Amino acid sequence: MKENIILSLVKVTNLTKEEVEKLLEIPPGSELGDFAFPCFSLAQTLKKNPNKIAQELAQKIKLKELDKVEVKGPYINFFLNKSSLAENTLNEILKQKDKYGYSTEGKRKTVVIDMSSPNIAKPFGIGHLRSTIIGNALGNIAKSNGHKVIKLNYLGDWGTPFGKVIAGYKKWGDAKKLEKEPIKHLYEIYVQASQDEGMEELGRQTFRKLEEGDKETLAIWKKFRQLSIMEFNKLYEKLGISFNVTSGESEYNNKMQPTLDELKEKNLLVEDQGAKVVNLEKYNLGVCLIQKSDGATLYATRDITAAIDRHKKYHASQLLYEVGQEQKLHFKQFFKVLELMGHEWAKNCAHVDHGLYLAPDGKKFATRKGKTIFMEDIIDETKELAKQEIAKREKLSQKELEHRALKIALAAIFYGDLKNHRSADIIFDVNRFLSFEGNTGPYLLYTYARAKSILRKAKYKKTKFKIPELSPEEKQLILQLSKFPEEVAKAYKDLAPNIIANYAYQIAQQFNEFYHKIKILNSENEKFGLALVSAFSQTLKNSLNLLGIEVLEQM
């Protein structure tokens with residue numbers, strides 16, 4: 001409906017589609033229509049009063065989907081034909097099912113998303129969770145917009161800290177502990193080595209051996225990497241998140257010379273106290289350190305090399321980096337260096353930043369009683385709390401209890417994050433996330449299960465229905481369901497999963513208003529009512545799936 005209004009305005013105004021989209025508004029009250037187009041911006045070019053322009057344009061707009069087009073001063077107000085909207089929307093949802101909301105906008109385009117990226121030999125802590133959840137949702141949203149998506153887990157698996165861990169393991173390591181709890185044991189060693197001043201130089205020497213390809217050192221590193229990936233994969237499986245590619249910084253250890261050569265060839269490298277840098281001060285970006293005085297390369301060198309490689313390998317139309325906002329300068333610098341190297345595609349690189357998780361007291365959520373927080377422990381704790389909540393409501397088999405509790409726990413954690421704009425710092429409060437009331441994941445799962453329960457009771461099967469005289473609740477719910485495809489498109493354009501999360505909550509609220517006020521079963525308009533319930537449940541399911549949340553048919 002909105003698309004047709006936009007196209008008709010493009011035709012009568014000679015504005016571009018993008019210009020019309022920016023101007024088209026949703027009025028503050030339904031008495032002013034469903035959409036409104038202000039004519040102020042046309043006054044200067046047409047040399048006419050905007051009120052007069054509105055009157056002239058309104059007469060040229062003829063759309064069967066509209067009840068009426070009304071002029072109020074400089075505004076053209078559009079009133080949708082609700083019966084036509086209801087019929088088209090419900091039929092479209094019930095026909096497209098899981099594909100409702102999808103588009104082909106990104107056809108033949110590939111998006112690479114660098115996400116999650118934990119460090120090997122270290123715990124997958126709460127700090128990596130945001131990148132994992134947000135990156136996964138962005139991947140789902142990009143895919144629903146027709147893009148081919150490469151979700152890339154770029155592990156932190158190279159650098160001096162790994163020399164320290166290897167040296168520490170040789171000194172204090174326990175093979176049995178390593179096999180039983182590899183991450184925890186390696187992290188204990190890293191903490192111990194970090195507190196030992198003598199390990200600093202030994203760590204550097206050991207990493208130098210690693211860079212030079214020393215067989216024994218390389219074998220130990222490979223074992224640590226393999227064990228870390230195995231542990232991470234257990235967690236990813238629990239989260240229901242997978243990757244197309246698992247890579248790491250080590251992949252580019254011996255591939256950076258061409259980058260250095262190209263920077264030198266293009267006169268971008270300058271010496272600064274023995275180090276090699278790209279001076280970006282005229283762009284207010286300081287200097288980008290490319291090579292240390294001892295010849296060692298840095299993150300920027302690896303990231304520039306990796307970006308060039310990814311663009312070639314995947315023919316990527318967009319490279320996204322879902323990384324914390326504390327890395328903003330780093331990304332601005334290396335994107336600018338790529339641009340100065342002459343890579344036009346650098347403008348299609350984007351740092352999708354996120355804020356911090358904060359503890360319930362508002363402080364940085366990094367440690368508890370001096371210990372690192374393991375993500376696995378957080379999921380298990382949340383799952384146990386979910387089991388307690390479920391037990392208050394009904395008695396289930398142990399298998400079903402475990403299944404539901406995990407899905408509810410993940411919905412609570414995922415939605416608790418994704419309902420916020422990714423750039424915001426958020427309070428990580430599991431008890432609040434797990435509430436079955438209010439703006440939470442469990443509330444949305446419960447609303448979905450309620451809708452499916454109605455359909456089960458009615459033994460619903462898709463059938464023809466007539467559009468009755470619509471109640472205000474039915475009109476509003478249908479209007480919101482019709483907007484799902486444009487919400488999905490906007491979420492990708494803005495790289496903002498919270499748009500989908502907020503939409504899901506909005507339609508859940510509207511459904512519950514409809515459910516409490518309108519009789520469905522054994523009513524005169526039962527077929528229509530059930531079609532609306534089915535369309536709602538499908539749209540809510542599609543919304544939650546985009547966020548990485550799996551629905552429950554019963555709760």
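Some observations on this one:
- Hits in the range 162-205 - residues which are crowded, with 18+ Cβ neighbours inside 10 Å, aliphatic (A, V, I, L, M) and under 16 Å from residue 226 (Cβ atoms): 165, 166, 178, 183, 186
- Among the candidates 540, 532, 479, 544, residue that is in contact (Cβ under 8 Å) with a residue 60 or more places away in the chain, surrounded by fewer than 22 Cβ atoms within 10 Å (Cβ to Cβ) and either in a helix (DSSP H, G or I) or not polar (S, T, N, Q) (or both): 479
- Residue in the range 75-96 that is in contact with a helix residue (DSSP H, G or I) (Cβ under 7 Å, 6 or more places away or on another chain) and on the phi > 0 side of the Ramachandran plot present: no
- Of the strands (runs of 3 or more DSSP E) lying entirely inside the range 230-296, the ones with 2 or more residues being under 20 Å from residue 308 (Cβ atoms) are found at 245-248, 275-279, 287-291.
- Qualifying residue in the range 377-395 (condition: part of a loop (DSSP other than H, G, I, E, B), out of contact with any Cys (no Cβ under 7 Å at 6 or more places or on another chain) and either among the small types (Gly, Ala, Ser) or more than 30 Å from residue 191 (Cα to Cα) (or both)): yes
- Selection count where residues are assigned to a strand (DSSP E or B) and touching a residue at least 24 places away in the same chain (Cβ under 8 Å), scope the range 71-97: 7
- Which listed residue is in a helix (DSSP H, G or I), of a type outside the set (S, T, N, Q) and either within 22 Å of residue 353 (Cβ to Cβ) or out of contact with any Ser or Thr (no Cβ under 8 Å at 6 or more places or on another chain) (or both), from 449, 496, 504: 449
- Residue-level analysis places residue 512 among those that are surrounded by fewer than 23 Cβ atoms within 10 Å (Cβ to Cβ) and farther than 26 Å from residue 138 by Cβ.
- Condition broken by residue 549, with the remaining ones in (1) assigned to a loop (DSSP other than H, G, I, E, B); (2) surrounded by fewer than 22 Cβ atoms within 10 Å (Cβ to Cβ) satisfied: (2)
- Going through (1) more than 35 Å from the chain's Cα centre (by Cα); (2) surrounded by fewer than 21 Cβ atoms within 10 Å (Cβ to Cβ); (3) without any contact (Cβ under 8 Å) to a residue 40 or more places away in the chain one by one, residue 143 falls short only on (1).
- Considering 411, 424, 405, the condition of being crowded, with 21+ Cβ neighbours inside 10 Å, in contact (Cβ under 8 Å) with a residue 40 or more places away in the chain and small (Gly, Ala, Ser) is satisfied by 411 alone.
- Tabulated pairs, the range 159-176, first of a type in the set (Lys, Arg), second in a helix (DSSP H, G or I), C-beta under 6 angstrom, 6+ apart or interchain: 164/193; 164/199; 164/203
- Residue in the range 280-290 that is in the same structural domain as residue 147 (by TED's automatic domain parsing), surrounded by fewer than 20 Cβ atoms within 10 Å (Cβ to Cβ), of a type in the set (Ser, Thr, Tyr) and in contact (Cβ under 8 Å) with a residue 12 or more places away in the chain present: no
- For the range 18-45, a residue qualifies if it is among the hydrophobic types (A, V, I, L, M, F, W, C), within 28 Å of the chain's Cα centre (by Cα) and not in a helix (DSSP H, G or I), and the qualifying residues are 24, 26.
- A single entry from 379, 373 fulfils the requirement of being assigned by TED's automatic domain parsing to the domain that holds residue 497, in contact (Cβ under 8 Å) with a residue 40 or more places away in the chain and touching a Gly at 6+ places or on another chain (Cβ under 9 Å): 373.
- Within the range 349-363, restricting attention to residues that are crowded, with 16+ Cβ neighbours inside 10 Å and of a type outside the set (Gly, Ala, Ser), the residue that is farthest from the chain's Cα centre (by Cα) is 358.
The values are calculated or read from the model by the stated rules, or taken from the named source; none is laboratory data. Not measured: the values here are computed from a predicted model. Reconstructed Cβ throughout: ideal geometry from the backbone, glycine too, with neighbour counts over all protein chains shown.
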